[in-house]
Amino acid sequence: MKNDHEWPARHTILVGVTYFCYSVTAALLLQKLVLPMLGSLHASNGLLNNDAIFFHNQALALAELIKKDGWSAWSMWPAGGGSGNVAALAALYVLFGPDPTLLIPINAALHALSGLLIFKIGRRLWPGRVGVWGGLAASALFVTFPSALVWYGQIHKDSFSIAGVLLIVYALLRAERGDRRGVIAGAGYAAAGIALVFFVRPYYLKLLLVASLAAWLTALAATLIRRPAGARRLIGPAMVLALVATGVLASRILLSGASRYAMASLEGTLYANLPLAGFGWRQSPWLPAYLDQQAELVGKTRYGLAQYNRSIAARTLIDGDAALQSAGDIISYAPRALQVAAFAPFPSDWLAKTSLPVLLGVGETAVWYLLAPGLLVFQRRRRSLGAAMVLVFACALLTMIGTFEPNVGTLFRLRYTYLQLLMLMGALGWTSLWLERGPARKPS
């Protein structure tokens with residue numbers, strides 16, 4: 001299987017259908033069978049006692065408002081903390097009644113799409129048999145890891161935002177070759193990804209813009225050093241980058257008259273009510289004022305979240321005493337942030353707590369630890385601009401979320417997409433060794 005086109009389209013469809021059927025089945029089992037038996041974890045209606053029940057109640061309130069005042073009361077960002085997922089669920093509640101399982105087909109379809117995108121990204125990173133088998137292995141892990149049930153089996157934003165992020169990553173790879181068809185397709189995928197992220201987390205587009213810019217600049221620098229004439233190939237990814245930037249600007253305009261929640265999210269002041277007593281920011285004269293303000297927001301967010309986690313005696317707080325009170329502090333903490341985001345919980349903590357969610361998380365982390373050496377194999381054997389962009393994109397996002405989020409439990413969910421991209425490259429690396437040394441050796 002030397003060429004990408006030799007993998008039949010019907011097989012790709014079969015993979016997607018399989019992932020969708022699995023996701024629907026797992027989500028229904030969680031809501032209807034597993035959670036009702038878990039006592040304190042079960043709020044009601046097959047929902048966990050966390051954000052899921054909060055979003056459910058928000059959807060109920062919006063549905064009642066629509067029934068009372070008509071569809072003019074519907075809003076993509078409902079007041080009181082709702083977003084696109086709540087708006088969609090409220091519409092379903094009005095049409096079919098208040099049943100949280102109504103969102104399962106949508107979440108399952110998005111989760112299956114994300115799994116399919118992991119597979120297709122793998123085939124782009126390493127065309128041929130390695131990409132097929134390594135991509136299948138990594139995408140199957142993405143779809144079946146139990147922790148993912150927290151969002152696709154519940155009411156959450158992540159199914160939307162994860163699919164959106166992966167569409168943007170795939171868009172960069174489609175446009176990387178520089179041909180017209182790839183650039184047009186990449187623009188389409190990027191637009192769809194931006195729309196999905198904007199639907200639930202408009203403020204997140206800023207982070208994606210920073211990560212995409214870092215990935216593109218890395219690829220550009222590598223090209224100029226090794227083969228300057230090849231820099232024209234990066235015009236396509238530059239167009240995708242421009243689309244993300246346009247999405248950020250458009251979101252600011254579109255949300256200028258939206259709900260207070262949406263504007264707070266976009267401007268990064270969602271955590272304005274966190275405890276900040278004792279926090280003092282030191283301005284950096286060497287940094288432009290706007291960037292210093294963004295850095296201050298990161299420092300405040302981390303400090304406030306750390307204080308909040310202490311107040312509730314959270315057991316998964318890490319580096320709670322790390323005081324990021326200047327841009328220099330944030331830069332110096334960045335390597336540690338990447339380490340924590342990529343590898344926590346560390347092996348020394350794996351058996352410290354023995355609850356079922358913790359053990360499931362430890363099992364998934366252990367799989368990543370087994371795949372991580374394959375990432376080194378991948379980087380040695382498959383050096384390409386696309387691989388460089390995906391690696392930098394994933395590491396940039398991991399570093400950013402590791403900088404502002406001090407709770408490993410929350411970090412586990414936020415990092416899922418980017419860690420899965422690293423796991424994909426690890427799976428590709430191990431697959432290349434397996435196919436080379438296996439009994440049916442053929443060139444990839």
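Could you tell me whether Pro347 is surrounded by 14 or more Cβ atoms within 10 Å (Cβ to Cβ) and modelled with pLDDT under 95?
no
Scanning the range 207-224 for residues that are touching a Gly at 6+ places or on another chain (Cβ under 9 Å) and modelled with pLDDT of 90 or more, which turns out farthest from Ser114 (Cα to Cα)?
Ranking the qualifying residues of the range 207-224, first place goes to Leu209.
Return the pairs, sorted by first residue and then second, in which the second residue is part of a loop (DSSP other than H, G, I, E, B) and surrounded by fewer than 19 Cβ atoms within 10 Å (Cβ to Cβ), the first residue lies in the range 86-103 and is charged (D, E, K, R), the beta carbons are less than 6 Å apart, and the residues are 6+ apart or on different chains.
Between residues of the range 86-103 that are charged (D, E, K, R) and residues that are part of a loop (DSSP other than H, G, I, E, B) and surrounded by fewer than 19 Cβ atoms within 10 Å (Cβ to Cβ), there is no close pair.
Going by what's in this entry, would Arg302 be described as surrounded by 15 or more Cβ atoms within 10 Å (Cβ to Cβ) and either in contact (Cβ under 8 Å) with a residue 40 or more places away in the chain or among the basic types (Lys, Arg) (or both)?
Working: surrounded by 15 or more Cβ atoms within 10 Å (Cβ to Cβ): yes; either in contact (Cβ under 8 Å) with a residue 40 or more places away in the chain or among the basic types (Lys, Arg) (or both): yes.
Criteria met by Arg302.
Hey, does the range 327-334 have a residue that's in a helix (DSSP H, G or I), in contact with a Pro (Cβ under 6 Å, 6 or more places away or on another chain), in contact (Cβ under 8 Å) with a residue 12 or more places away in the chain and aliphatic (A, V, I, L, M)?
No, the range 327-334 has no match at all.
Looking at the range 194-229 only, could you name the residues that are exposed (fewer than 14 other Cβ atoms within 10 Å of the Cβ) and under 24 Å from Arg181 (Cα atoms)? If you could, list the steps in order and put the result at the bottom.
Filtering the range 194-229 for residues exposed (fewer than 14 other Cβ atoms within 10 Å of the Cβ) gives 221, 224-229.
Those that are exposed (fewer than 14 other Cβ atoms within 10 Å of the Cβ) and under 24 Å from Arg181 (Cα atoms): Arg227, Pro228, Ala229.
For (1) within 16 Å of the chain's Cα centre (by Cα); (2) of a type in the set (Gly, Ala, Ser), each residue gets a yes or a no:
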| site | (1), (2) |
| --- | --- |
| Ser72 | no, yes |
| Gly84 | no, yes |
| Leu95 | no, no |
| Leu117 | yes, no |
| Trp126 | no, no |
| Gly135 | no, yes |
| Phe145 | yes, no |
| His156 | yes, no |
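If the requirement is being buried (at least 16 other Cβ atoms within 10 Å of the Cβ) and in contact with a strand residue (DSSP E or B) (Cβ under 6 Å, 6 or more places away or on another chain), which of these qualifies: His56, His42?
It is His56.
Does Trp368 satisfy the criteria of being of a type in the set (Phe, Trp, Tyr) and not in a helix (DSSP H, G or I)? Step through it out loud before you land on a result.
Numbers: of a type in the set (Phe, Trp, Tyr): yes; not in a helix (DSSP H, G or I): no.
In short, no.
Of all residues being out of contact with any Lys or Arg (no Cβ under 9 Å at 6 or more places or on another chain) and buried (at least 24 other Cβ atoms within 10 Å of the Cβ) in the range 149-162, which is nearest to Leu207 (Cα to Cα)? Just the residue, please.
Ranking the qualifying residues of the range 149-162, first place goes to Ile162.
Scanning for something of a type outside the set (Asp, Glu), part of a helix (DSSP H, G or I) and at pLDDT below 90, does the range 265-280 turn up at least one residue?
So the first thing to find is which residues in the range 265-280 are of a type outside the set (Asp, Glu), and the list is 265-266, 268-280.
If we keep only those that are part of a helix (DSSP H, G or I) as well, we get 265-266.
Then keep just the ones that are at pLDDT below 90; that gives 265-266.
So far as the range 265-280 goes, yes, one or more of its residues are of a type outside the set (Asp, Glu), part of a helix (DSSP H, G or I) and at pLDDT below 90.
Can we say Gly135 is touching a helix residue (DSSP H, G or I) at 6+ places or on another chain (Cβ under 6 Å) and either outside any helix (DSSP H, G or I) or surrounded by fewer than 24 Cβ atoms within 10 Å (Cβ to Cβ) (or both)?
Details: touching a helix residue (DSSP H, G or I) at 6+ places or on another chain (Cβ under 6 Å): yes; either outside any helix (DSSP H, G or I) or surrounded by fewer than 24 Cβ atoms within 10 Å (Cβ to Cβ) (or both): no.
Here the answer is no, as Gly135 does not meet what is asked.
Could you check the range 353-402 and list, in sequence order, the residues that are under 21 Å from Trp216 (Cβ atoms), under 22 Å from the mean Cα position of the chain (by Cα) and among the hydroxyl-bearing types (Ser, Thr, Tyr)?
Once the filter is applied, which keeps residues that are under 21 Å from Trp216 (Cβ atoms), under 22 Å from the mean Cα position of the chain (by Cα) and among the hydroxyl-bearing types (Ser, Thr, Tyr), the range 353-402 yields only Thr399.
Among the numbered criteria (1) more than 18 Å from Arg177 (Cα to Cα); (2) without any contact (Cβ under 8 Å) to a residue 60 or more places away in the chain, which one does Ala242 miss?
Among (1) more than 18 Å from Arg177 (Cα to Cα); (2) without any contact (Cβ under 8 Å) to a residue 60 or more places away in the chain, Ala242 violates only (1).
Could you check the range 307-333 and list, in sequence order, the residues that are surrounded by 15 or more Cβ atoms within 10 Å (Cβ to Cβ), closer than 19 Å to Leu398 by Cβ and not hydroxyl-bearing (Ser, Thr, Tyr)?
Answer for the range 307-333, where residues must be surrounded by 15 or more Cβ atoms within 10 Å (Cβ to Cβ), closer than 19 Å to Leu398 by Cβ and not hydroxyl-bearing (Ser, Thr, Tyr): Leu317, Ile318, Asp319, Ala322, Leu324, Asp329, Ile330.
The values are calculated or read from the model by the stated rules, or taken from the named source; none is laboratory data. Please read these numbers as outputs of a predicted model, since none were measured by experiment. Virtual Cβ from ideal backbone geometry, glycine too; neighbours counted across all protein chains shown.
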